[in-house]
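Readers should treat all values here as calculations from the given coordinates under stated rules, not as data from a laboratory. Computed from a prediction, not measured in an experiment: that's the story for all the values here. Every residue, glycine among them, receives a Cβ derived from its backbone with ideal geometry; neighbour counts consider all protein chains shown.
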Amino acid sequence: MRRRWALLPLLLCLSILAGCNYDGINDFALPGTQGREDGSYPVRIQMANVADLVPNNPVRVNDINVGVIRKVELQGWNALVTVDLNPDVSLPANATAQVGQVSLLGAKYIEIDPPKTEPATGHLDAGATIPLTRTGMYPATEDVLATVSTLLNGGGFAQIKTITTELDKALDGRAPQYRELLDQANTLITGVDRQKGDIINALNGIDRLAARVRAQDAQLKGALDDIPPALAVLDQEHTQIIDALQSLGQFGTTFKDVVDKSSGNLATDVNNLVPALRGLADSGQSLTKSLDLLGTLVFPLSTISREFRGDYINFWLTLDLTLGTLDKNFLTGTPLAGTLGGIEKALAGDTGAATKLINPLVPAGSNLPGAASLSPDAVQGGQPAQQAPAAGGSAAPAAGGAQPAAPAPAAPAPAPASGSQSGGVLGGLLGGGQ
C-alpha cells in the first residue's frame, strides 16, 4: 500500500510533463545562456538542411555568442529555425545565416553575418525572416570524411598509375605533334576569344528571332492549321499540275528548237542593226539637241524666253534659195541630184545668158553688180549698143570710120555693205550675190 502511494507523485509529474509537450532536457534554459535576458527579440531563419541542430544551441555573430535557438520546426519541405538575439545585436535586413560546427566533433551552431557580396541594407527587426536564398551550411565533419572515403576508395586513385603509363606511351616520340596540336588549340581558343563579341551578338540575334517567333505564335499556328487544307487541294489537283509541268517541258523543247533554227536569222538581224546603231551613235548629241525644237518648231526651247518678248518676236532669218543649195538640201540621194547645180553652173558661165540679163531690182545706170547696161533706146537691131565711155575715158571715134580707141578701164564698183544681198533676189537665184 505504501508503495502505491510512493508511485503517485511520480505519475503526477509524468502527466504534467506530457501535458506541457516536454521534449527532453533541451526544453530547460541553461544558466548564462545568451538571448534569454529582457529585451531579446526573435528572428526566424528558413533552411534547407539543419543537420542535427537542437534548441539551446548557440547563435553567433563574428564567432561571438549573441543568442540561442528557441525551436526547430518543419515548414513545408524546409526547416524553420526560430532564434532569440540579445537586444544590443544589430544586423542588416539582408544578413545571411549558416549552420556551422564548433570543432571536429563539437556541437552545431548558427552563424549570422552581414552579406559579403553586396552592401548591407536596412535593419533586421524583431520577427523578421531570413529567406532560404540567404542561408546555407558549412561542410560538416561527416561530409568531409564521406568525401575523402569516396575519393580514396572509388575515386580512381588505383587507376592513376595506369593512366600515367598509357599517357606516357601515347606521348612517346610524338611530342612535336602534340605541341603543334596545343599551339593550334591555343590559336583556335584565342580566335574564339577575339570573336566572343560577335558570338554574343549572334546569340542575342537568335534570342530576338526566337522572341519574334514566339510573339507570332498565333500566326504560325494559323499558318500550320491552313497547310493541311492546302495540301489536300494540291492532292486533288495533282493530275492537272502534272499535265501543266509536262506541257511546260514540251514548250521548253519547242522553244529550244525555234531558237536553234532561228539563231542564224537572229544573228543576221542583229548584224543588220549594226549600221543603224552606229549611225545613231555617230549622231552624238545632234539627235538629242534636235528634240529642243520638237515642241516649238523653229524656236529652240533654250532660247524661247529671249525670242518672245510680249507682243513682238526677236527673229533673224537667212534664206538661201540658190540652185546649188536647193539641190543639196532637197535632191541629194535622189535620181535628180545635181540637176539644179548643173543649171546654176551653166547660167553662171562667162558666155551664159546670165551675163546678158538685166537685174530688174537694181536701178539702171548704177555701178552695182547686175545693173542694166542696156536700154531700149540703145538697142539697135537686137544688139546692144556700145557703152558710153566712162568718165575720164577717150573721146568719140574720129571721122572716116576709124576704130575708136579702147575705153579706159572703169573704176571698180563699190563693195556692197555687209549683210546685203548683191544683185537682189533674182541675182541670187541666178548665181549672183555673195
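Rounded to a whole number, what is D in µm²/s for segment 192-238 from Stokes-Einstein with the Kirkwood radius over alpha-carbon pairs (10 °C, 1.306 mPa s)?
On the way: Rh = 13.5 Å.
Approximately 118 µm²/s, per Stokes-Einstein.
Under 19 Å between alpha carbons, and skipping anything fewer than 8 positions from Lys71 in its own chain: which aspartates and glutamates qualify?
Asp23, Asp27, Glu37, Asp38, Asp52, Asp84, Glu111, Asp125
Going highest first, how would you order 145-151, 50-56 by mean Cβ packing within 10 Å?
50-56, 145-151
Suppose each label sits 7 Å from its Cα in the direction of the beta carbon; what would the Lys71-Thr141 distance come out to in nanometres?
Label-label distance for Lys71 and Thr141, simple model: 3.0 nm.
Once label points are set 7 Å from the Cα along Cα→Cβ at both Phe255 and Glu237, what is their separation, rounded to one decimal in nm?
Calculated label separation equals 2.1 nm.
Which translational diffusion coefficient, to the nearest whole µm²/s, is obtained for segment 63-145 from the Stokes-Einstein equation, given a Kirkwood hydrodynamic radius over C-alpha pairs, 10 °C and 1.306 mPa s? Before the final figure, lay out each step's value.
Values: Rh = 14.0 Å.
For these conditions, the coefficient is 113 µm²/s.
To the nearest 20 debye, what charge dipole does segment 25-141 have about its Cα centre, counting +1 at the Cβ of each Lys and Arg and -1 at the Cβ of each Asp and Glu?
Values: 8 positive and 12 negative charges, 50 e Å.
Taking the Cα centre of segment 25-141 as origin, the dipole is about 240 debye.
Mind ordering 89-101, 319-331, 63-75 by average Cβ neighbours within 10 Å, highest first?
Order by mean packing, descending: 89-101, 63-75, 319-331.
Once you order the gyration tensor axes a ≥ b ≥ c over the Cα atoms, which shape class does segment 103-189 get: rounded for a/c under 1.5, otherwise prolate or oblate by comparing a/b with b/c?
Numbers: a/c = 6.00, a/b = 1.93, b/c = 3.10.
It comes out oblate by the Cα gyration axes.
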